[in-house]
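The next block holds one structure in the form of structure tokens; read it before the comments.
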Amino acid sequence: MTAYPLAGTHRFAKLGPALRTARRPTPLPAPCGEGQSLALAREMGFYPDGLQGDEALQTFTGHQLLPGMRPLASVYSAHQFGHGAAQLGDGRTLLLGDLVTVSGPRDIQRKGAGRTPYSHMGDGRAVLRSAIREFLCSDAGHARGIPTSQAPGITGSDAPVRREEIQTAAVVTRVAPGFTRFGHVGHVSCSGLPGELNAVDCPIFWRRLSRAVAGCDAAATRAIMLRRNPWVVGPAPPPGRSGDPARQGPVGPGAAAGRAAPLSITARAKRTWPTSRPTGTPGLK
């Protein structure tokens with residue numbers, strides 16, 4: 001039996017090719033298991049022993065792909081160090097596919113999987129020190145009822161990774177209901193890809209993204225997104241629903257016409273990412 005049954009689908013891939021690039025992982029040399037969350041395995045309905053076998057080790061570290069895995073790296077836009085960055089992305093992370101669990105589908109992701117087209121100057125690797133920190137903190141956050149990704153396991157290697165000092169390499173395997181970001185919407189909008197807006201504005205996208213905002217439905221999440229990042233444009237949610245921008249005041253110059261328009265109209269027309277946040281619209285952390 002495989003450690004993780006996959007649905008054979010990739011929900012994120014349905015959002016459009018402009019948001020992703022297929023990429024095979026770079027195998028971690030001479031891997032070894034460093035830690036597993038047996039409680040998480042039981043919670044998802046898997047046999048805990050499946051985390052500890054050779055198949056799991058080879059899968060976690062990029063030496064093999066299970067049937068149904070289609071690894072990809074996503075691209076997104078955001079603010080970094082106080083400035084707009086038109087193209088960020090998964091520089092060391094690969095999204096593998098949809099995981100079937102007793103509590104519903106989850107995305108499964110591998111961090112430290114090697115370089116991607118969005119690595120820039122990075123080496124695509126994670127280090128054991130930070131992998132252990134993420135492993136422990138995600139488990140603690142989940143135990144306290146905080147919505148967060150969870151890490152079924154971490155694997156390590158003696159392969160050196162250069163940081164402020166030489167560290168050893170590691171891979172964190174993590175799962176979540178979805179790894180969709182607000183920055184994915186921003187990338188489509190500010191890249192001038194109107195053909196992709198239909199995919200991004202689909203209800204499935206906003207339902208998935210709403211999980212990141214506790215207590216908000218899809219329409220409310222979209223309203224928050226437009227209010228805090230008004231250069232992201234698209235059709236307004238259906239009127240009369242919870243979170244409708246019409247009930248929460250204008251979110252841009254075009255709000256009176258029933259459509260959320262960007263404050264930075266010039267930047268939008270030139271298809272460029274604003275160099276700073278518009279006044280009064282802090283970005284989400």
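Where a number appears in this text, it was derived from the coordinates with a stated rule and is not lab data. Bear in mind the structure is a predicted one, so any value in this text is a computation, not a measurement. We place every Cβ from the backbone using ideal geometry, glycine too, and count neighbours over all the protein chains shown.
Here are some notes:
- Cα-Cα pairs of the stretch 137-183 separated by more than 12 Å (percent): 71 percent
- Relative contact order of the stretch 12-176, taken over Cα pairs closer than 8 Å and 6 or more residues apart, is 25 percent.
- Net charge of Cβ neighbours under 11 Å - reference GLU134; Lys, Arg +1; Asp, Glu -1: +3
- Ordering GLY62, PRO25, THR101 by the projection of their Cα atoms onto the charge dipole of the stretch 12-176, which places +1 on the Cβ of Lys and Arg and -1 on the Cβ of Asp and Glu, puts PRO25 at the extreme positive end.
- The H on the amide N of ALA78, modeled in the peptide plane, is under 5 Å from the matching H of ALA85, LEU88, each at least 5 residues off or on a different chain.
- Taking 10 °C and 1.306 mPa s as conditions, the stretch 12-176 diffuses translationally at an estimated 97 µm²/s according to Stokes-Einstein applied to its Kirkwood radius (Cα pairs).
- If R0 equals 25 Å, the separation of the Cβ atoms of ARG115 and HIS63 corresponds to a calculated FRET efficiency of about 0.90.
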